[in-house]
Structure formats: C-alpha cells, structure tokens
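The values are calculated or read from the model by the stated rules, or taken from the named source; none is laboratory data. Model, not experiment: these values are computed from the prediction. When we count neighbours, we look across all protein chains shown, and the Cβ atoms used for this are built from the backbone with ideal geometry, even at glycine. Side chains included, ligands, DNA and RNA excluded: accessible areas come from the protein's heavy atoms. Shrake-Rupley method; radii C 1.70, N 1.55, O 1.52, S 1.80 Å.
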Amino acid sequence: MVKKNLLRADLEVRHVTEINFSLLAEKGIRGLLLDLDNTLTVWHGMEVDPAVQAWLDSGKARGFRLCILSNSHEERVRPMGELLGLQTYYMSLKPRKSAFCKGCRELGLPPQQVAMVGDQLFTDICGGNLAGLMTILTEPIDPREMWGTRHIARPLESLVRKLQGKK
C-alpha cells in the first residue's frame, strides 16, 4: 500500500467556488467538511460572498451534505452555520484525526465519501489526510489571519510547497 503524503492535497483550487460538485460526485464524494476562516469567509468575517452562498446552495441542491469544521469558538462558528444553513463543529482541534472522524459522523458518511476543504496545510489538509478523506486546498481569501498562522504556519507552508515543487 502506498502511503499518502500528509501535507499534499488531492486537489488545489484558488477559491471554494471553483470546486466542481459533478467531479466530486464522480469520485464518490457525497459530503464536505469546510473550514470557515479564510476558506468560506475572511478571517473573523460575518459576511459571506454571494458567490460562496450560491456555491453552497448548489451543493445542497445536488444532495451534498455540508458541515463547517473549525478550530474557532462556538460564538464565532454557530452564527455562521446558521447564516449559511450548515451544520457546525467548532473547537475541533484540527489536525487531530478525531475531529475529522467526528465531522464524518456529523454528516452521517464514511470517510471515503467525504472531502475536507480548507486553506491550511498543517490543519485542514494534514488532518483530512490522516483521517482518510479526500483533501482540497484553497488559497486563503484574505491575508489577515491569526499572528501564529501568518508568521509561523504560512512560512512553513511555503517551504513545504517549495520542496513539493509547488509555488
């Protein structure tokens, strides 16, 4: 059995709206775990781009199960879930495998039918890969983010991507 590189996404897109639900369905994917900050909305933003809402609505209309999987607090995540009409799992402790397994249980789907979508290699992609999910890396929506992410994680991600031959 070939081991998967934990820091390499199965698919990379600039923005969530570029993710094709038909392609996912062909691969057997029926549910998505979605990072919130800098994936669906700007960091700590409480507004959603209408294109993102339309993309989410399209996925729901096609029968996809969608859930926000975030390390943020309940006070941040729950209102966004209500606004977007999505299930939420907050304070998830990504990249712990248990967070992704719980997310799959929230969706009622096995890991092989779920994809993790997020903007960070060390939390979203690594954790999704550990749990056996398809992983989709997006570019961060906005450069604003937590200090540690911006000054520690992002430079390390750049190094990893350079070593992987990515820009």
statement: Residue pairs within 8 Å by beta carbon, gap of at least six or interchain, first lying in region 14-33 and over 15 Å from Lys60 (Cβ atoms), second part of a helix (DSSP H, G or I), listed first then second, are Gly28/Gln112; Gly28/Gln113
- line: Note: among Lys102, Lys166, just one is assigned to a loop (DSSP other than H, G, I, E, B), of a type in the set (Lys, Arg) and at pLDDT below 95, namely Lys166
- line: Every listed condition ((1) over 12 Å from the mean Cα position of the chain (by Cα); (2) closer than 25 Å to His73 by Cα; (3) open to solvent by less than 50 Å² (accessible area, probe 1.4 Å)) holds for His44 save (3)
query: Regarding Ala99, is this residue over 11 Å from the mean Cα position of the chain (by Cα), within 20 Å of Leu24 (Cα to Cα) and among the aliphatic types (A, V, I, L, M)?
result: no
query: Inside region 121-138, can you point out the residues that are open to solvent by 10 Å² or more (accessible area, probe 1.4 Å) and under 8 Å from the mean Cα position of the chain (by Cα)?
result: Leu137
message: Residues that are at pLDDT 75 or above and hydrophobic (A, V, I, L, M, F, W, C): does region 142-162 have at least one?
response: no
task: Identify all residues within region 65-78 that are open to solvent by less than 50 Å² (accessible area, probe 1.4 Å) and either touching a strand residue (DSSP E or B) at 6+ places or on another chain (Cβ under 6 Å) or not in a loop (DSSP other than H, G, I, E, B) (or both); write none if there are none.
output: Leu66, Cys67, Ile68, Leu69, Arg76, Val77
- prompt: How many residues, within region 80-134, are under 27 Å from Ser158 (Cβ atoms) and of a type in the set (Ser, Thr, Tyr)?
  reply: 2
task: Mind listing whichever residues of region 42-53 are part of a helix (DSSP H, G or I) and closer than 22 Å to Tyr89 by Cα?
output: Val52, Gln53
query: What number of residues within region 79-114 are closer than 23 Å to Arg8 by Cα and open to solvent by 30 Å² or more (accessible area, probe 1.4 Å)?
result: 11
message: Among the residues that make up region 50-61, is at least one of them surrounded by 16 or more Cβ atoms within 10 Å (Cβ to Cβ) and closer than 21 Å to Arg144 by Cα?
response: yes
- prompt: Looking only at residues in region 1-41 that are part of a loop (DSSP other than H, G, I, E, B) and small (Gly, Ala, Ser), which one is least open to solvent (accessible area, probe 1.4 Å)?
  reply: Ala9
